[in-house]
Amino acid sequence: MSEGQKQNGSILNVTRADQYHTVEELFRKSEPNSVYYALLIISVFIIASGLLLGNSAIVIGGMLVTPLLTPILVIALSFIVGNFRAIRNTSIIMTKSFLLVIAVSGLLAFVFGAPKNIEMLENTMRTAVLYFIVAIAAGMAGTFAWTRKDVAEVLPGIAIAVSLVPPLALMGIWLSSLNFDAVRFSFLVFLFNFLGILVGSVAAFILMKFHRAERLIEEKAEIQVEEAAKKEK
């Protein structure tokens, strides 16, 4: 039986070549280059504007643009092989990205004014927990889609299900009006989403035995460090 036939038999059967391809592509698309930040800023403008307008369709459109899912998958991938260098490098990128989302959203809200209420998220613990469940499922589905190109067409749907930028954008909007209770809840929703995606992705990578790609992940982490050092010079 060929590798392709074997892979088609189960979503968990992934060839070594596909493992290497997934690692290469995830690290490449999570690099903090001009394309990454351009897409991030564009998505923030769309999502924050949609929130200020109370238009969920615009918010969904912005979620299709944001590149924030790939760095989380890199963290999950690095976690299962214990590569803390890659986790640290990618975490720095993500922290900068999160702060950028909050800053841009806050600026838009300051210029155009933040509404007193945005009916996008119900301010209850039930909402946060349900988002956590959705995030776990989305993290697993996103990992399978990145690895198995025969199901890659589901990625746009996963991007919509992953709610990372909207709660961050809400944090910026509520900070502009000093509504700290709303900021606290938006952060909670974001945290549940982030952890849920991470848990789901780690589980999927373990099931697909990605720990075997440890050496390649180590090489990619070293390249990240070298490139970061060059930029600092």
Here are 98, 144, 132: which of them is touching a Gly at 6+ places or on another chain (Cβ under 8 Å) and either modelled with pLDDT under 75 or not polar (S, T, N, Q) (or both)?
132
So, of the residues in the stretch 94-103 that are surrounded by fewer than 20 Cβ atoms within 10 Å (Cβ to Cβ) and touching a residue at least 12 places away in the same chain (Cβ under 8 Å), which turns out to be nearest to residue 163 (Cα to Cα)?
98
Among the residues that make up the stretch 103-114, is at least one of them within 13 Å of the chain's Cα centre (by Cα), of a type in the set (Val, Ile, Thr) and at pLDDT 85 or above?
no
Kindly indicate whether any position in the stretch 16-33 is among the hydroxyl-bearing types (Ser, Thr, Tyr), within 13 Å of residue 148 (Cα to Cα) and either surrounded by fewer than 16 Cβ atoms within 10 Å (Cβ to Cβ) or at pLDDT 90 or above (or both).
yes
Could you list all residues from the stretch 48-98 that are over 25 Å from residue 206 (Cβ atoms) and among the polar types (S, T, N, Q)?
49, 55, 56, 66, 95, 97
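The rows are residues; the columns are (1) more than 25 Å from residue 19 (Cβ to Cβ); (2) at pLDDT below 90; (3) out of contact with any Asp or Glu (no Cβ under 6 Å at 6 or more places or on another chain); (4) of a type in the set (A, V, I, L, M, F, W, C).
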{"position": "164", "(1), (2), (3), (4)": "yes, yes, yes, yes"}
{"position": "169", "(1), (2), (3), (4)": "yes, no, yes, yes"}
{"position": "179", "(1), (2), (3), (4)": "yes, yes, yes, no"}
{"position": "210", "(1), (2), (3), (4)": "no, yes, yes, yes"}
{"position": "216", "(1), (2), (3), (4)": "no, yes, yes, yes"}
Of the residues 78, 91, which is small (Gly, Ala, Ser), farther than 27 Å from residue 113 by Cβ and modelled with pLDDT under 85?
78
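The values are calculated or read from the model by the stated rules, or taken from the named source; none is laboratory data. As the structure is a computational prediction, the values presented were derived from the model and not from experiment. Cβ atoms come from the backbone with ideal geometry, glycine included; neighbour counts cover every protein chain shown.
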